[in-house]
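**Student:** Questions regarding the structure given below will be posed in turn.
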Amino acid sequence: MNENSVDLVLNISAIGFGLAICCYLFLFLLLLTDKAANRTKSLLLTFATAQVVWAAFYLFFSNQPFISANSVVIESVRHAVLLLLLFSCLSNSNKHWRPFLSQTPVKLMLLGIFIWVGVNIFISLDSSVTFSINLLLCIGQLALLEALYRQAGRFVWQFKPLVLGLGSLILYDFILLAEAALFSRIDPELWAARGYIAVLVLPLLVIAIRRIRSWEINVYVSREIVVNSTIVLLAGIYLSALALAGFSIKLFDLSWSGLIQAVFVAAGFLLLGVVALSGKIRRKFKVYIEKNFYANKFDYRSKWLNLTQYLKSIKLQQDIDYKSYLTAWLSATGYQRGALVRVFTPEQLQPLAYIHREAVNPDELSLLTQYCLSYIRPGWITDLSDTNDSFVQFKANKLIDGHLIIPIYDEQQLWGLCIINTPNSERLKLNWELRDYLTIITEQIGSHLLLTQASKALSENAQFAAFSRMSAFVVHDLKNVKAQLDLLLNNSKKHMQNPEFIADSFDTLAAMQQRLGNMLLQLTDKRTDTNTSSRFSAADELEQVITLKCAVKAPVPTLQIKQNGILSLDKERFSSVLYHLIDNAQHATPDSGSVSITVDVTDDTLCPMLCISIADTGCGMSERFIRQRLFKPFDTTKGNSGMGIGAYDALQFAQQHQGQLIVTSIEGAGSCFILKLPIATSSN
């Protein structure tokens with residue numbers, strides 16, 4: 001190699017070492033931005049410092065590499081730091097220094113390198129020995145790196161960039177030293193590339209630092225730096241490929257190869273210019289970089305917990321507090337003011353709430369109508385500061401007090417719009433991270449809002465259902481009153497001149513009047529329960545029911561009183577329940593059959609119970625019918641003549657008074673209803 005070639009190689013190597021100084025100084029500053037305090041971070045800072053000192057030494061001093069004492073010291077320190085870093089990665093703990101430095105392999109390694117440096121300072125060794133010792137240190141580093149890769153196990157994805165980066169750095173030194181040991185000299189061309197190799201592996205080291213969770217280091221690189229650096233790197237790779245292709249064309253040594261080469265290079269540069277200047281391609285590339293390589297803007301765990309707790313505090317009440325939901329959007333984004341607008345149709349918008357701003361004015365509603373008609377896209381959040389957005393271009397100088405328009409969907413139907421704003425200095429940049437975050441919180445808040453709306457509708461429907469149910473009971477009771485009137489009119493023709501009948505008729509009319517008054521009270525107060533308890537004889541009331549209500553229809557019930565009891569409950573309700581049970585038995589039994597009623601008292605429980613048994617010889621019921629339909633409200637077998645609530649009302653009545661309604665039935669043989677109610681005591 002002539003003198004000019006040597007100078008050229010030295011100049012090229014100087015550029016490489018200069019780049020290495022800049023790059024590892026950047027790594028050092030990048031590590032300082034993280035607040036983690038552990039051994040690995042300290043060793044990485046030391047490694048970055050060692051690399052800067054190492055590159056600066058060879059940039060400013062032309063000492064013979066691996067031969068002069070100064071070079072041996074620099075290389076040995078670099079080896080020692082790299083070995084400590086690898087030992088640290090293999091260690092289970094990442095916090096304490098003393099247990100780490102007390103490990104036997106670490107102590108032996110440090111002692112060996114210290115002795116090696118001391119020997120080189122005081123004794124001049126042959127260059128082949130120096131090359132061989134450094135070669136052994138490289139082999140040791142490669143062995144530790146291989147052990148680290150195997151130990152990574154299921155975390156191998158995290159350690160791959162580290163293994164590739166340090167592996168390339170160490171392997172290149174190994175090749176350099178192997179050739180030097182073989183020929184007793186350093187190859188100048190291989191040496192010139194050493195600084196560039198150190199620069200090329202730096203991106204892999206940065207990726208490894210971000211990936212390896214056990215290091216607890218969260219470095220952050222600006223999105224613009226990542227995007228622009230990657231574009232420059234890809235452009236460099238493209239130009240290198242272009243140069244290689246041009247060289248391959250020239251290799252054919254054709255008479256027209258120069259023309260082809262010129263056209264090919266021109267076309268290549270034209271394509272590079274088109275790609276580099278294309279805003280669409282740059283945006284797509286930036287989106288890809290932002291979604292996959294940069295640090296998160298928010299502490300999503302904290303944000304999600306706060307949002308969940310806030311939504312939990314919003315009560316599912318009759319009147320929806322839309323301002324609370326708007327507050328949830330503002331708190332989740334850190335914005336200060338906003339408005340919530342309901343969209344019934346694009347032409348029919350209704351402002352629901354606003355915070356720290358004026359109410360949505362007609363001009364804003366007009367713009368939002370146009371937005372809903374022509375510019376809205378499902379799931380797309382509109383940035384009103386983006387001059388490239390079609391809606392922003394449409395509204396021109398017309399103002400909307402907002403920065404972001406967030407659509408709210410109920411399944412595929414647009415439900416409303418959330419418009420949020422904050423001072424320009426505090427606005428968030430609407431990139432893909434913020435879009436995804438806003439989409440998630442909008443789904444969560446919107447789901448809770450729609451749930452509240454559904455709860456309100458359900459509550460209103462429940463009120464209508466309760467009123468309808470109450471009306472059904474009233475109609476059911478009106479049938480009882482009608483039955484009494486029919487019986488009274490039928491008997492009046494025979495007993496009109498009988499004073500006792502006339503007196504009983506007035507008593508019956510008074511009872512019906514009271515019953516009608518109770519029904520009107522239920523309708524007025526919108527409730528089905530009235531507490532009018534009284535003490536009465538169960539047998540006497542049962543006789544009244546049979547005589548006044550059930551005796552006009554065949555088969556006429558028979559009553560057997562084994563033991564009477566006193567009850568303390570609503571007498572009217574008791575009479576109504578018994579009438580419907582007896583009436584059901586009469587409907588199920590042919591005129592030639594029988595309906596028998598027995599009254600008795602049992603002491604088989606802690607409280608004496610009055611047992612009223614209503615047995616018939618009718619058609620009977622299946623077990624499936626009893627289990628699935630008998631006590632189901634508004635399910636009747638009587639057609640239009642029945643309401644389907646008699647058995648249901650009887651069961652509810654029994655349960656409300658701590659009693660029982662027991663049903664046994666055999667198809668084709670008959671049924672038996674046993675109503676058990678607690679006997680009245682002095683306390684009740």
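**Student:** How many nm is it between the label spots at Glu189 and Cys607, if each spot is 7 Å from the Cα in line with the beta carbon?
**Tutor:** 10.7 nm
**Student:** Moving to a separate point now. Compute the distance from the alpha-carbon center of the stretch 330-356 to that of the stretch 20-74, in whole Å.
**Tutor:** 55 Å
**Student:** Each label point is 7 Å from the Cα along the Cα-to-Cβ direction; what then is the distance between the points at Leu399 and Gln370, in nm?
**Tutor:** 1.7 nm
**Student:** To the nearest 0.05, how large is the calculated FRET efficiency for Gln655 and Arg357 if R₀ is 56 Å and r is the Cβ-Cβ distance?
**Tutor:** 0.50
**Student:** Taking neighbour Cβ counts within 10 Å as the exposure measure, how do Lys323, Lys571 sort from fewest upward?
**Tutor:** Lys323, Lys571
**Student:** What is the fewest-to-most order of Asp570, Asp504 by other Cβ atoms lying within 10 Å of their Cβ?
**Tutor:** Lowest count first: Asp504, Asp570.
**Student:** Note down the net charge around Arg377, summing +1 for each Lys or Arg and -1 for each Asp or Glu among other residues with Cβ under 15 Å from its Cβ.
**Tutor:** Overall, the nearby charge balance is -2.
**Student:** Further question: What is the gain in length, in nm to one decimal, between Gln350 and Glu411 on full extension, counting 0.36 nm per residue of separation less the C-alpha to C-alpha distance?
**Tutor:** 20.0 nm is the gain from fully extending Gln350 to Glu411.
**Student:** On to the next question. Magnitude of the Cβ-charge dipole of the stretch 532-678, K/R +1 and D/E -1, about the Cα centre, nearest 20 debye?
**Tutor:** 300 debye
**Student:** For Ala669, what is the net charge nearby, where nearby means another residue's Cβ is under 14 Å from its Cβ and Lys, Arg count +1, Asp, Glu -1?
**Tutor:** Cβ neighbours under 14 Å give a net charge of -3.
**Student:** While we're here: Express in whole angstrom the spacing between the alpha-carbon centres of the stretch 385-422 and the stretch 161-192.
**Tutor:** The two parts, judged by their Cα centres, are 59 Å apart.
**Student:** Pairs of alpha-carbon atoms within less than 8 angstrom and 6+ residues apart define the contacts here; what relative contact order does the stretch 21-93 have, in percent?
**Tutor:** Rounded, it is 37 percent for the stretch 21-93.
**Student:** Also: Multiplying the sequence separation of Gln514 and Leu110 by 0.36 nm and subtracting their Cα-Cα distance, what value in nm do you get?
**Tutor:** 134.9 nm
**Student:** Evaluate the distance, in nm, between pseudo-label points positioned 7 Å from the Cα of Leu90 and of Ser331 along their respective Cα→Cβ axes.
**Tutor:** In this crude spin-label approximation the distance works out to 5.2 nm.
**Student:** With contacts defined as alpha carbon pairs under 8 Å and 6 or more residues apart, what's the relative contact order of the stretch 571-680 in percent?
**Tutor:** Taking the mean separation of contacting Cα pairs over the length of the stretch 571-680, I get 30 percent.
**Student:** Shifting gears a bit: Please find the FRET efficiency linking Arg98 to Thr33, where r is the Cβ-Cβ separation and R0 is fixed at 41 Å, and quote it to the nearest 0.05.
**Tutor:** 0.90
**Student:** Listed here are the pairs Lys35/Lys95; Lys549/Lys571; Lys323/Lys395; Lys571/Lys676; Lys315/Lys456; Lys549/Lys632; which of them are more than 18 Å apart at the Cα?
**Tutor:** Result: Lys323/Lys395; Lys549/Lys632 exceed 18 Å.
**Student:** Let me ask something additional. Using a Förster distance of 60 Å, how high is the FRET efficiency between Tyr149 and Ser390, based on the Cβ-Cβ distance and rounded to 0.05?
**Tutor:** The pair Tyr149/Ser390 has a calculated efficiency of 0.70.
**Student:** Assuming 0.36 nm per residue, please report the length gained on full extension of the stretch Trp380 to Ile626 beyond their Cα-Cα distance.
**Tutor:** Separation in residues times 0.36 nm, less the Cα-Cα distance, equals 83.0 nm.
**Student:** Which number comes out as Rg/Rh for the stretch 532-678 once both Rg and the Kirkwood Rh are worked out on C-alpha atoms?
**Tutor:** Result for the stretch 532-678 is an Rg/Rh of 0.94.
The numbers here are math on the coordinates, done by the rules we state, and not lab data. Everything numeric in this text was worked out from a predicted model, so none of it was measured. Cβ sites come from the backbone with ideal geometry, for glycine too, and all protein chains shown count toward neighbours.
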